[in-house]
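To start, the structure under review is shown below, and the notes come after it.
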């Protein structure tokens with residue numbers, strides 16, 4: 001199995017772009033673009049310690065992995081909330097995140113944008129607060145964890161695709177996004193940035209992988 005030392009760091013990953021290909025830069029968020037994890041603070045901010053702890057303990061009774069605990073916990077916490085209110089909470093929280101962004105990674109993001117590359121955040125964090133932040137940063141797409149709503153616009157306790165967006169799921173989601181944006185036959189040159197085991201599969205499929213060290 002590849003270790004983190006098999007991947008170059010971002011500082012060593014300034015390869016010239018191949019002008020014959022469509023450049024795509026995929027960034028993990030927590031620990032990569034941002035210096036720390038952001039989802040648990042969002043849950044605490046919007047739901048409080050008691051509700052978060054109770055939801056996690058309930059989810060642990062039936063879940064078989066930490067990914068399943070996360071999916072069940074997040075779904076349960078926001079079940080019954082309107083999608084409109086959920087979006088408002090995400091927008092409010094996103095405004096607090098700019099100070100957590102790594103300056104060197106913002107420089108990498110700007111470099112890709114100057115090169116005309118498509119940029120996308122591929123994260124196990126919630127899309128509801130990543131999207132407004134991405135819009136302010138000029139990032140083209142966000143592939144995060146999404147909650148689904150019923151026909152009345154009320155969150156139904158389910159997560160889109162039913163799985164956490166980490167590991168192999170990141171690759172699946174990114175490939176679907178690039179196919180939608182550029183077509184399945186598009187000739188792409190992929191940069192990928194990540195910091196933990198949940199990013200390993202994404203880095204392995206990239207032309208230019210970069211491991212972000214804390």
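Annotation: residue 93 fulfils all but one of (1) part of a helix (DSSP H, G or I); (2) over 30 Å from residue 58 (Cα atoms); the unmet one is (2). In the set 118, 134, only one residue is touching a strand residue (DSSP E or B) at 6+ places or on another chain (Cβ under 6 Å) and in contact (Cβ under 8 Å) with a residue 40 or more places away in the chain; that residue is 118. Condition first: within 15 Å of the chain's Cα centre (by Cα), more than 15 Å from residue 23 (Cα to Cα), crowded, with 17+ Cβ neighbours inside 10 Å and in contact (Cβ under 8 Å) with a residue 60 or more places away in the chain. Can you find one or more residues in region 171-184 that meet it? There is no residue in region 171-184 that is within 15 Å of the chain's Cα centre (by Cα), more than 15 Å from residue 23 (Cα to Cα), crowded, with 17+ Cβ neighbours inside 10 Å and in contact (Cβ under 8 Å) with a residue 60 or more places away in the chain.
Test residue 154 against the criterion of being within 16 Å of the chain's Cα centre (by Cα) and more than 15 Å from residue 121 (Cα to Cα), and give yes or no. Against the criterion (within 16 Å of the chain's Cα centre (by Cα) and more than 15 Å from residue 121 (Cα to Cα)), residue 154 does not qualify. Considering (1) in contact with a helix residue (DSSP H, G or I) (Cβ under 8 Å, 6 or more places away or on another chain); (2) over 28 Å from residue 138 (Cα atoms); (3) free of Cβ contacts under 8 Å to residues at least 40 places away in the same chain, the lone condition that residue 64 does not fulfil carries the number (1). In region 61-76, of all residues being out of contact with any strand residue (DSSP E or B) (no Cβ under 9 Å at 6 or more places or on another chain) and assigned to a helix (DSSP H, G or I), the one that is surrounded by the most Cβ atoms within 10 Å (Cβ to Cβ) corresponds to 73.
Every number here is computed from the coordinates shown, using simple stated rules; none is lab data. These numbers come from a predicted model, not from an experiment. Positions of Cβ are generated from backbone atoms using ideal geometry, with glycine treated the same way; all protein chains shown enter the neighbour counts.
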